[in-house]
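Undergrad: Provided herewith is a single structure, encoded as structure tokens, for subsequent inquiry.
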Amino acid sequence: MSRSNRPGLGAFIFFTIAFMLGVYFTFAAVQGDYGLFRRVEIAAERDVLSRDLAQLNAEIEQMENLTRRLSDTYLDLDLLDQQARSVLGMIRADEIVIR
């Protein structure tokens, strides 16, 4: 009986399956739902949402300031005049409106 130095079919199948599993897990680690690209997308979305949150917080602070300035405890007459002009369309008796 002569034995050949050629690897058997079982070894070829084993390494082929191992290689295919390695390719699959590498692809999943990069492209999958929890992969690197998805992580970058989530980080970019987080940054955009953080900027939106900061902008909304600034608008809330501005609205709270205007509300406080028109409250019963603190009345800003200039702001009251501005609101009466813009919302109600009021003018003083000595003013002329040009459109």
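Undergrad: Could you state the angle between the C-alpha long axis of helix 77-88 and the longest principal axis of the C-alpha atoms of the chain, as a value from 0 to 90 degrees rounded to the nearest 10?
TA: Once rounded, one gets 80 degrees.
Undergrad: Cα axis of helix 36-69 to longest principal axis of the chain: angle in degrees, 0 to 90, nearest 10?
TA: On a 0 to 90 degree scale, this one is about 10.
Undergrad: Using the Cα centre of the stretch 1-57 as origin and beta-carbon charges of +1 (Lys, Arg) and -1 (Asp, Glu), tell me which of ALA29, PHE14, ALA44 is placed farthest towards the positive end of the dipole.
TA: PHE14
Undergrad: So what's the back-of-envelope 222 nm ellipticity for the chain, counting only DSSP H runs of four-plus at -39500 (n - 2.57) apiece and dividing by all residues, rounded to 500?
TA: On the way: 3 runs with 69 residues, N = 99.
Computed ellipticity for the chain at 222 nm equals -24500 deg cm²/dmol.
Undergrad: Another question, then. Please give the helix 9-31 orientation as an angle from the longest Cα principal axis of the chain, in degrees from 0 to 90, rounded to the nearest 10.
TA: 10 degrees
Undergrad: Okay, moving on. Using unit Cβ charges (K, R positive; D, E negative) and no other charged atoms, how large, in debye to the nearest 20, is the dipole of the chain about its Cα centre?
TA: 1180 debye
Undergrad: Still on this structure: What number comes out for accessible area per residue over the chain if the probe is 1.4 Å? Units Å², please.
TA: 97 Å²
The values are calculated or read from the model by the stated rules, or taken from the named source; none is laboratory data. Predicted model only: the values in this text are computed from it and were never measured. Cβ: placed from backbone, ideal geometry, glycine included. Neighbour counts: every protein chain shown. With ligands, DNA and RNA removed, areas are computed over all heavy atoms of the protein, side chains included. Shrake-Rupley method; radii C 1.70, N 1.55, O 1.52, S 1.80 Å.
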